[in-house]
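Trainee: Let me begin by handing over the structure; questions about it come next.
The values are calculated or read from the model by the stated rules, or taken from the named source; none is laboratory data. Please read all numbers here as calculations on a predicted model, not as lab measurements. FYI the Cβ positions are ideal-geometry reconstructions off the backbone, even for glycines, and counts take in every protein chain you see.
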Amino acid sequence: MSRIQLLSDQLVNQIAAGEVVERPASALKELLENSLDAGADNVGVELVAGGTKLIKVIDDGIGIEHEDLALALHRHATSKIRDFDDLQKVATLGFRGEGLASIASVSRLTLTSRFNGAAHAWRIESDHGRLHEAEPAALAVGTTIEVHDLYYQTPARRKFLKSDGTEFAHCEDMVKRLALANPDKQFTLVHNGRANLRVMRGDVIKRCAALLGDEFAQTAVQVEESAGPLRLWGLAGSPTLSKSSRDAQYFFVNGRFVRDKVIAHALREAYRDVLHHDRHAAYCLFLELDPEGVDVNVHPTKIEVRFRESQAIYGFMLRSLTKALASTKAGQVPAGVDPETGEIIAPAAPTYAAGTPQTSGYQQQPWRQQHMAIPVVQEPLAMYDRMFSDLKREPGQAAVTPSYAPAEFGATVLSGGNPRPLPVGTRAFMPATDEDGIPPLGFAMAQLHGVYILTQAAEGLIVVDMHAAHERVVYEKLKNALDLDNMPSQPMLIPHLFSADRFEVATVEDNREALAQLGFDLSVQSPTQIAIRGIPMLLKDADAVELARSVIKDIREVGASQMLTGRRNELLSTMACHGSVRANRSLTIPEMNALLREMEATERSGQCNHGRPTWFRLSMNDLDKLFMRGQ
Ligand code: ADP
Ligand code: MG
């Protein structure tokens, strides 16, 4: 081995560049973060060939003083922290003082800057870390940095770069991340001379609409929760708008985009109950906490952080998100949408408070008839009027007012289509209706092919997937019953016997208590036979044998204690599937209405247990568009 010697600055920077500047997008990130730290309101990005030929960032921030220009390109030179104390509570995006030095060591870089108050700008050039003299230049207040030919002289690195298209995609995502976290700044992105993205100053909802799509912004749940020094806010995508990839997942800690296991786990858990397992939620969420509670200096690109109290953060996140997502109930107007116009609006105080199902955030979206150019349509117009004037009657007089209280639904639908009328006065149990007495999901009109319920709602037509909706309702009821340790059992008049194998028999013998907790009364009749004497009341119309068998199977495979804790929801979901109304079963109008009212009162009823939507709305406006009325 040869003797130890100090590495040259140039080499040290190049080694750092290996970590900090993995690809054009990471160089771009360093430059954008500097612009934001400098207080820029407008940030322009120009790229050529995915950033491999040119990355140019133009900002209108405070600028750099002439004397500091060369220092900015030096390693370990920063204006953002001074001592160890500052490092403990970093409030800027950068602080390591190595971004510019690293980039400059593996490219040809030009830095032009005019400090706020200076007579003119100065420019300095660096060729792979070798600095030239600074010279006067013309520029408005702010900073412009050009990075040419990244990794041109480092072929080993250059080899790892992907196609220009891929590198550009990474750069674009980087701009998106920073733009989502800074909705009050304007960003533009130009690639190969063509404008690719331009976002104007606004609020988070507008920014999300521009960058993640209107549909996301319109259907997402607005989150706003705090506990002590912790605050979680932003938009949590509706489970029905889930994606098959993770690319619409944005999470920021104190304004910094991060990937963190604790956070990812909390998000997964919160969505698990409402999302199909191979789907991914879309979200744009911000966690804010005291900078001293989070260490941002654990990774060169600062993509990872370390929380001082990670358990507390996990608990807070899970509670807040579960609460927010519980409000994805049927019939609710999503966050950030003007119920009058359907337009995206600024974030208001959160509309969604879980646990208040009776006064849900639902507001009626009045339908507006478009102007009609063709005279022949007078007739249908009059028909609409007739249809809707009917609904303007007193609530009690509406022709199809449901006459069953929600709590009775299990007893009516599941008892085989012979519902028992309730005494007058039970209408008090109905969920909140709008002022015309039309409940959010409207009144059932018909059943379509034994699968869908068609309802007339205030703003148009609603189509409900009857099986999916009922499954969710039953599932939520089972969860509540088990939570309260009150799962009533329905005794069987005559015990059902079924032949069982040794494992099934042993499972029943070993788990009588757990089975009783779930509402089952099972006993071993003989070494090869099990008797069912009772099943959960909520599932009393299910096929008792099939139901018992599937529960025994689950318990046998995973163990009762696991099944009642960690895998509880899975088990209840299986049970709900057995207990819910099958497709092709015809329902009476009152039964359908009872289901609709149940949905309105049930948390998470906007999706079935597998994350698919349970209902769909075609507003009068949508229908008008379909028939090209008013065009
Ligand atoms: P860091 O951001 O960690 O401080 P950098 O190497 O990225 O390190 O930047 C070094 C210094 O150069 C910064 O601390 C800042 O003072 C200055 N600087 C860099 N970019 C800009 C900019 N766009 N506007 C104003 N000052 C800048
Ligand atoms: Mg920096």
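Trainee: Here's a check for you: in the stretch 61-84, which residue that is of a type in the set (Asp, Glu) and in a helix (DSSP H, G or I) is nearest to ligand 1 (Cβ to nearest atom)?
Mentor: Step one: of the stretch 61-84, the residues of a type in the set (Asp, Glu) are 65, 67-68, 83.
From the residues that got through so far, the ones that are in a helix (DSSP H, G or I) too are 67-68.
Values: GLU67: 12, ASP68: 7 Å.
It comes out as ASP68.
Trainee: Output yes when any residue across the stretch 475-492 is under 29 Å from the mean Cα position of the chain (by Cα), surrounded by 18 or more Cβ atoms within 10 Å (Cβ to Cβ) and part of a strand (DSSP E or B), and no when none is.
Mentor: No: zero hits.
Trainee: Taking only the stretch 443-460 into account, find how many residues are closer than 21 Å to SER580 by Cβ and touching a strand residue (DSSP E or B) at 6+ places or on another chain (Cβ under 9 Å).
Mentor: Taking the stretch 443-460 first, the residues closer than 21 Å to SER580 by Cβ are 444, 446-455.
From the residues that got through so far, the ones that are touching a strand residue (DSSP E or B) at 6+ places or on another chain (Cβ under 9 Å) too are 444, 446-448, 451-455.
The total comes to 9.
Trainee: Residues that are hydroxyl-bearing (Ser, Thr, Tyr) and either more than 15 Å from ligand 2 (Cβ to nearest atom) or closer than 28 Å to VAL298 by Cβ (or both), at least 1 per element: which helices (runs of 4 or more DSSP H) completely within the stretch 85-186 meet that? Give the derivation first.
Mentor: Numbers: elements: 99-105, 155-158, 164-181.
Of the helices (runs of 4 or more DSSP H) lying wholly inside the stretch 85-186, those with at least 1 residues that are hydroxyl-bearing (Ser, Thr, Tyr) and either more than 15 Å from ligand 2 (Cβ to nearest atom) or closer than 28 Å to VAL298 by Cβ (or both) span 99-105, 164-181.
Trainee: Restrict the check to the stretch 216-228 and report whether at least one residue is in contact with a Phe, Trp or Tyr (Cβ under 8 Å, 6 or more places away or on another chain), closer than 24 Å to ALA324 by Cβ and among the β-branched types (Val, Ile, Thr).
Mentor: For the stretch 216-228, residues in contact with a Phe, Trp or Tyr (Cβ under 8 Å, 6 or more places away or on another chain), closer than 24 Å to ALA324 by Cβ and among the β-branched types (Val, Ile, Thr): present.
Trainee: For GLY50, only one of the following conditions fails: (1) crowded, with 21+ Cβ neighbours inside 10 Å; (2) assigned to a strand (DSSP E or B). What is its number?
Mentor: (2) is the only condition that GLY50 fails.
Trainee: Select from the stretch 154-168 the residues that are surrounded by 15 or more Cβ atoms within 10 Å (Cβ to Cβ) and without any contact (Cβ under 8 Å) to a residue 60 or more places away in the chain and list them in ascending order.
Mentor: none
Trainee: Also, I was wondering about something else. Checking GLU30 against (1) among the acidic types (Asp, Glu); (2) within 16 Å of ligand 2 (Cβ to nearest atom); (3) more than 26 Å from ASP290 (Cβ to Cβ); (4) not in a loop (DSSP other than H, G, I, E, B), which test does it fail?
Mentor: (3)
So that you can scan it fast, the table gives a plain yes or no per residue for (1) buried (at least 20 other Cβ atoms within 10 Å of the Cβ); (2) within 14 Å of ligand 1 (Cβ to nearest atom); (3) of a type in the set (A, V, I, L, M):
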position: ILE103; (1), (2), (3): yes, yes, yes
position: VAL106; (1), (2), (3): yes, yes, yes
position: ALA121; (1), (2), (3): yes, yes, yes
position: GLU125; (1), (2), (3): no, no, no
position: ALA137; (1), (2), (3): no, no, yes
position: GLY142; (1), (2), (3): yes, yes, no
position: GLU146; (1), (2), (3): no, yes, no
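Trainee: Within the group ALA156, ALA220, ALA195, which residue is farther than 29 Å from ARG319 by Cα, at pLDDT below 95 and in contact with a Leu (Cβ under 8 Å, 6 or more places away or on another chain)? Can you show your working first?
Mentor: Numbers: ALA156 fails: in contact with a Leu (Cβ under 8 Å, 6 or more places away or on another chain); ALA220 fails: farther than 29 Å from ARG319 by Cα.
After applying the criteria, what remains is ALA195.
Trainee: Which of the residues that make up the stretch 83-106 are over 23 Å from ASP127 (Cβ atoms) and either more than 35 Å from the chain's Cα centre (by Cα) or without any contact (Cβ under 8 Å) to a residue 12 or more places away in the chain (or both)? Working first, answer last.
Mentor: As a first pass, look at the stretch 83-106 and keep what is over 23 Å from ASP127 (Cβ atoms): 83-96.
ASP83, PHE84, ASP85, ASP86 - these are the residues of the stretch 83-106 that are over 23 Å from ASP127 (Cβ atoms) and either more than 35 Å from the chain's Cα centre (by Cα) or without any contact (Cβ under 8 Å) to a residue 12 or more places away in the chain (or both).
Trainee: Please work out which one of (1) assigned to a strand (DSSP E or B); (2) over 41 Å from the mean Cα position of the chain (by Cα) is the condition VAL463 fails and give its number.
Mentor: (2)
Trainee: Mind listing whichever residues of the stretch 622-631 are assigned to a helix (DSSP H, G or I) and either within 28 Å of the chain's Cα centre (by Cα) or surrounded by fewer than 17 Cβ atoms within 10 Å (Cβ to Cβ) (or both)? Break it down into steps so the answer makes sense when it comes.
Mentor: Taking the stretch 622-631 and keeping what is assigned to a helix (DSSP H, G or I), we get 622-626.
Scanning the stretch 622-631 gives ASP622, LEU623, LYS625, LEU626.
Trainee: Would you tally the residues in the stretch 537-554 being closer than 10 Å to HIS578 by Cβ, in contact with a Leu (Cβ under 9 Å, 6 or more places away or on another chain) and touching a residue at least 40 places away in the same chain (Cβ under 8 Å)?
Mentor: Here the count works out to 3.
Trainee: Does THR565 satisfy being among the polar types (S, T, N, Q) and touching a residue at least 12 places away in the same chain (Cβ under 8 Å)? Spell out the reasoning first.
Mentor: Numbers: among the polar types (S, T, N, Q): yes; touching a residue at least 12 places away in the same chain (Cβ under 8 Å): no.
For THR565, the condition - among the polar types (S, T, N, Q) and touching a residue at least 12 places away in the same chain (Cβ under 8 Å) - is not met.
Trainee: Select, from ASP37, ASP59, the only residue that is surrounded by fewer than 20 Cβ atoms within 10 Å (Cβ to Cβ), within 14 Å of ligand 2 (Cβ to nearest atom), under 17 Å from ALA179 (Cβ atoms) and touching a residue at least 12 places away in the same chain (Cβ under 8 Å).
Mentor: Numbers: ASP59 fails: surrounded by fewer than 20 Cβ atoms within 10 Å (Cβ to Cβ).
Exactly one of ASP37, ASP59 is surrounded by fewer than 20 Cβ atoms within 10 Å (Cβ to Cβ), within 14 Å of ligand 2 (Cβ to nearest atom), under 17 Å from ALA179 (Cβ atoms) and touching a residue at least 12 places away in the same chain (Cβ under 8 Å), namely ASP37.
Trainee: So, in the stretch 125-178, exactly how many residues are polar (S, T, N, Q) and more than 30 Å from CYS284 (Cβ to Cβ)? Give the steps one after another, and end with the answer.
Mentor: Step one: of the stretch 125-178, the residues polar (S, T, N, Q) are 126, 143-144, 153-154, 163, 166.
Subsequent filtering for residues that are more than 30 Å from CYS284 (Cβ to Cβ) retains 126, 153-154.
So the count comes out to 3.
Trainee: Inspect all residues belonging to the stretch 5-18 and state whether any of them is within 11 Å of ligand 1 (Cβ to nearest atom) and under 33 Å from the mean Cα position of the chain (by Cα). Don't jump to the end; show me each part of the working.
Mentor: Taking the stretch 5-18 first, the residues within 11 Å of ligand 1 (Cβ to nearest atom) are 13, 16.
Subset that is under 33 Å from the mean Cα position of the chain (by Cα): none.
The answer is no, given that none of the residues of the stretch 5-18 is within 11 Å of ligand 1 (Cβ to nearest atom) and under 33 Å from the mean Cα position of the chain (by Cα).
Trainee: When residues of the stretch 1-27 are filtered for being of a type outside the set (S, T, N, Q) and outside any helix (DSSP H, G or I), how many remain? I'd like the intermediate steps shown before the answer.
Mentor: So the first thing to find is which residues in the stretch 1-27 are of a type outside the set (S, T, N, Q), and the list is 1, 3-4, 6-7, 9, 11-12, 15-25, 27.
Imposing the further condition that a residue be outside any helix (DSSP H, G or I) reduces the set to 1, 3-4, 6-7, 21-23.
Number of matching residues: 8.
Trainee: Within the group GLY94, GLY129, which residue is at positive phi and either more than 14 Å from ligand 1 (Cβ to nearest atom) or not hydrophobic (A, V, I, L, M, F, W, C) (or both)? First the steps, then the outcome.
Mentor: Values: GLY94 fails: at positive phi.
Step by step, each of GLY94, GLY129 is checked, and only GLY129 is at positive phi and either more than 14 Å from ligand 1 (Cβ to nearest atom) or not hydrophobic (A, V, I, L, M, F, W, C) (or both).
Trainee: Would you mind listing the helices (runs of 4 or more DSSP H) fully within the stretch 505-621 where at least 3 residues are polar (S, T, N, Q)?
Mentor: Values: elements: 512-517, 544-558, 560-564, 568-579, 589-601.
Answer list for the stretch 505-621: 568-579.
Trainee: Taking ASN116 and the conditions (1) within 11 Å of ligand 1 (Cβ to nearest atom); (2) among the polar types (S, T, N, Q); (3) within 35 Å of the chain's Cα centre (by Cα), which numbered condition does it fall short on, given that it satisfies the others?
Mentor: Single failed check for ASN116: (3).
Trainee: Among the residues of the stretch 19-44, which ones are away from ligand 1 (no atom under 11 Å from the Cβ) and among the hydroxyl-bearing types (Ser, Thr, Tyr)?
Mentor: SER26 - this is the single residue of the stretch 19-44 that is away from ligand 1 (no atom under 11 Å from the Cβ) and among the hydroxyl-bearing types (Ser, Thr, Tyr).
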